[in-house]
Amino acid sequence: MSVSSPRAKHWTRAEYERLVDLGAFRPGERLELVGGALLVREPQGGPHATAVGLVEDALRAVFGAGWTVRGQFPIALDDDSEPEPDVAVVPGSRRDYVSGHPSRPVLIVEVADTTLAYDRRTKLPLYAKAGIVEVWIVDVNSETIESFRSPSEAGYAQRMSYGRDSSIRPAQLPTASIRIDDIFK
């Protein structure tokens, strides 16, 4: 007698988008597709939501025209993933993405208070494999920002950490500077 165990359904981005188009999910239901798994996103507390907003404000101020700072919207990362990072900076205007989600942000930011291990272990390798040039993990609890650059299939080759009383410069705009204290008011 053979024994089988249940297995999870692997979803593709095309299948997931079709379900969204068909209205298979409740309005406001917080879901994202990561590595073929359909995940329920955690509710946001005050410190997380505040940090997301402050990061968005800071990035809009330095990137300006020609760039869109997207807060918690889908990224068409690969055939099996459509994550919704806390913040993503993409070239162009919002109207450039009417017919499809952006696929190549120049910067992704994940804000972590309870999800730090998940962001490092699951999302960061996914972004590196997809070739996302720069990822920041904003650690609300330690009030630090980790910057990851130089992506490859094996992960990010460069990691820098920034704490209070310092500044961070986006790789895409090396002359622009964001004070870490402005994110953790």
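Listing for the model above:
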| item | result |
| --- | --- |
| Matching residues in the range 111-125 - criterion: being under 15 Å from Gln72 (Cβ atoms) and among the β-branched types (Val, Ile, Thr) | Val111, Thr115 |
| Residue list for the range 154-178, restricted to those being in contact (Cβ under 8 Å) with a residue 24 or more places away in the chain and more than 20 Å from the chain's Cα centre (by Cα) | Ala176, Ser177 |
| Conditions (1) farther than 29 Å from Gly46 by Cα; (2) exposed (fewer than 14 other Cβ atoms within 10 Å of the Cβ); number of the one not met by Gly155 | (2) |
| Some residue of the range 106-113 being surrounded by 14 or more Cβ atoms within 10 Å (Cβ to Cβ), in contact with an Asp or Glu (Cβ under 7 Å, 6 or more places away or on another chain) and in a helix (DSSP H, G or I) | no |
| Residue check for Gly23: without any contact (Cβ under 8 Å) to a residue 60 or more places away in the chain, over 16 Å from the mean Cα position of the chain (by Cα), at positive phi and loosely packed, with under 11 Cβ neighbours inside 10 Å | yes |
| Scan of the range 83-102 for residues that are of a type outside the set (A, V, I, L, M), surrounded by fewer than 16 Cβ atoms within 10 Å (Cβ to Cβ) and part of a loop (DSSP other than H, G, I, E, B), ordered by number | Gly92, Ser93, Ser99, Gly100 |
| Enumeration of residues in the range 29-82 that are closer than 22 Å to Asn141 by Cβ and part of a loop (DSSP other than H, G, I, E, B) | Arg30, Arg41, Glu42, Pro43, Gln44, Gly45, Gln72 |
| Lone unmet requirement of (1) on the phi < 0 side of the Ramachandran plot; (2) modelled with pLDDT of 80 or more; (3) touching a Phe, Trp or Tyr at 6+ places or on another chain (Cβ under 7 Å) for Val52 | (3) |
| Given (1) surrounded by fewer than 18 Cβ atoms within 10 Å (Cβ to Cβ); (2) modelled with pLDDT of 95 or more, index of the condition Leu124 fails | (1) |
| Enumerated strands (runs of 3 or more DSSP E) restricted to the range 121-175, each holding at least 3 residues that are hydrophobic (A, V, I, L, M, F, W, C) | 134-139 |
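The values are calculated or read from the model by the stated rules, or taken from the named source; none is laboratory data. The shown structure was predicted, so the numbers you read here are calculated from the model rather than taken from an experiment. Glycine gets a Cβ as well: all are built from the backbone with ideal geometry, and neighbour counts include every protein chain shown.
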